[in-house]
Every structure is written in C-alpha cells, then in structure tokens.
1. If a residue has to be farther than 13 Å from Thr16 by Cα and out of contact with any Asp or Glu (no Cβ under 8 Å at 6 or more places or on another chain) to count, how many in segment 41-58 make the cut?
2. What is the number of the single condition among (1) closer than 16 Å to Asp4 by Cα; (2) of a type in the set (Gly, Ala, Ser); (3) modelled with pLDDT under 95 that Ala19 does not meet?
3. Taking the condition of being among the acidic types (Asp, Glu) and under 11 Å from the mean Cα position of the chain (by Cα), how many residues in segment 34-62 meet it?
Amino acid sequence: MPADYPPEIVKEGQVTVVALGPEYENLDEPRLDALTDVLLQVAETATPPIVVLDLSHTSFFGSAFIEVIFRMW
C-alpha cells in the first residue's frame with residue numbers, strides 16, 4: 001500500500017523531486033487516492049514552486065493521474 005511506502009521527497013538545488021518507488025509501478029485508483037494528497041501538498045509548499053515527478057519505476061497510470069498533475073500545476 002502506498003500509505004506504507006510514502007514517496008521519497010528530496011530537494012536538489014531549487015527543485016523538489018518526488019520519486020515514486022517500485023511499489024508505485026501501477027498507479028491504479030486505490031494507490032492514486034492515497035498519493036494525491038501528498039502530491040498536492042508538495043506542489044503547494046515547494047519553494048520555489050518547481051516539482052519533478054520521478055516516474056522511472058511506474059509502468060502504468062490512467063487519466064486520473066493526469067488530472068492530479070494538472071491540479072499540481
């Protein structure tokens with residue numbers, strides 16, 4: 001469960017990087033529900049507001065994840 005495995009959030013220079021690990025290989029609805037609040041909070045509090053999502057371990061996401069990305073923007 002993603003709640004048990006929060007994404008790694010690191011600051012690299014002025015960029016906030018959210019790295020989704022192997023447990024986020026498939027961003028289906030239940031996983032995305034648990035992750036959305038974290039992503040929106042990161043986007044809201046990042047200073048400066050530059051956020052990179054590391055999806056190197058993610059092989060599937062649906063249109064609901066694209067909506068979350070728009071909400072982060």
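1. Of the residues in segment 41-58, the ones farther than 13 Å from Thr16 by Cα are 55-58.
So of that shortlist, the ones also out of contact with any Asp or Glu (no Cβ under 8 Å at 6 or more places or on another chain) come out as 55-56.
The qualifying residues number 2.
2. The single condition Ala19 does not satisfy is (3).
3. First, pick out the residues of segment 34-62 that are among the acidic types (Asp, Glu): 37, 44, 54.
Now restrict to residues that are under 11 Å from the mean Cα position of the chain (by Cα): 37, 54.
Residues in segment 34-62 being among the acidic types (Asp, Glu) and under 11 Å from the mean Cα position of the chain (by Cα): 2 in total.
Yes or no, residue by residue, for (1) over 17 Å from Trp73 (Cβ atoms); (2) touching a residue at least 40 places away in the same chain (Cβ under 8 Å); (3) in a strand (DSSP E or B):
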| residue | (1), (2), (3) |
| --- | --- |
| Val17 | no, no, yes |
| Glu23 | yes, no, no |
| Pro30 | yes, no, no |
| Asp33 | yes, no, no |
| Val38 | no, no, no |
| Ala43 | no, no, no |
| Thr47 | no, no, no |
| Leu53 | no, no, yes |
| Ser56 | yes, no, no |
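The values are calculated or read from the model by the stated rules, or taken from the named source; none is laboratory data. What you see is a predicted model, and the numbers here were worked out from it, not measured in a lab. Heads up, the Cβs are rebuilt from the backbone with ideal geometry, glycines too, and the neighbour counts pull from every protein chain shown.
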